[in-house]
Amino acid sequence: MSESINKLALNALDDLKANNVVVLDVEALSDVFETMIIASGTSSRHVKSLADNVIEEGKKKGFQPIGVEGKEEAEWVLVDYGSLVVHIMQPQARLFYELEKLWSTPAQDVDAE
């Protein structure tokens, strides 16, 4: 199932010309989900349209998101499918939060002193 929703989400983002699409395999870093897709939109309207397209294309194939956050402001929209989380962000938010850097760096053990 996860492979088909991943492909569907990527195609939905591509259909509406998402920018800088990145797919991260986070299975080793998270017990909650396996894959994260991060994409940028050019404006709040574009971000909202991208999220809506991911959701609508998913529904056509029987995938219902567990949750959707941020569509009102559309600076950063998160679409949660369980095994897949899609982040669609405006460029400023993406630069600020640096999700790629956060999720591609293995956690470091910190020794308590």
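The values are calculated or read from the model by the stated rules, or taken from the named source; none is laboratory data. Just so it is clear, the structure is predicted and the values come from calculations on it, not from any experiment. Note that we place each Cβ from the backbone using ideal geometry, even for glycine, and neighbour counts take in every protein chain shown. Surface areas here come from the heavy atoms of the whole protein model, side chains and all, with no ligands, DNA or RNA. Shrake-Rupley method; radii C 1.70, N 1.55, O 1.52, S 1.80 Å.
Of note:
- Residue within the stretch 16-27 that is more than 24 Å from Ser104 (Cβ to Cβ) and either open to solvent by 10 Å² or more (accessible area, probe 1.4 Å) or assigned to a loop (DSSP other than H, G, I, E, B) (or both) present: yes
- Every pair of residues 6+ apart whose Cβ atoms lie under 7 Å, when the first sits in the stretch 49-63 and is farther than 15 Å from Asp14 by Cβ while the second is crowded, with 21+ Cβ neighbours inside 10 Å and of a type in the set (A, V, I, L, M): Ile55/Val79; Phe63/Ile5
- Inside the stretch 28-47, residues that are crowded, with 18+ Cβ neighbours inside 10 Å and more than 13 Å from the chain's Cα centre (by Cα) make up a count of 1.
- Number of the condition not met by Leu50 [criteria: (1) open to solvent by less than 50 Å² (accessible area, probe 1.4 Å); (2) more than 15 Å from the chain's Cα centre (by Cα)]: (2)
- Considering (1) modelled with pLDDT under 95; (2) closer than 21 Å to Asn11 by Cα, the lone condition that Ile66 does not fulfil carries the number (1).
- The residues on offer are Met89, Met36, and the sole one that is among the aliphatic types (A, V, I, L, M), under 14 Å from Ala9 (Cα atoms) and in contact (Cβ under 8 Å) with a residue 40 or more places away in the chain is Met36.
- When Glu73, Glu69, Glu100 are checked against the criterion of being within 17 Å of Leu24 (Cα to Cα) and either open to solvent by 30 Å² or more (accessible area, probe 1.4 Å) or hydrophobic (A, V, I, L, M, F, W, C) (or both), Glu100 stands alone in meeting it.
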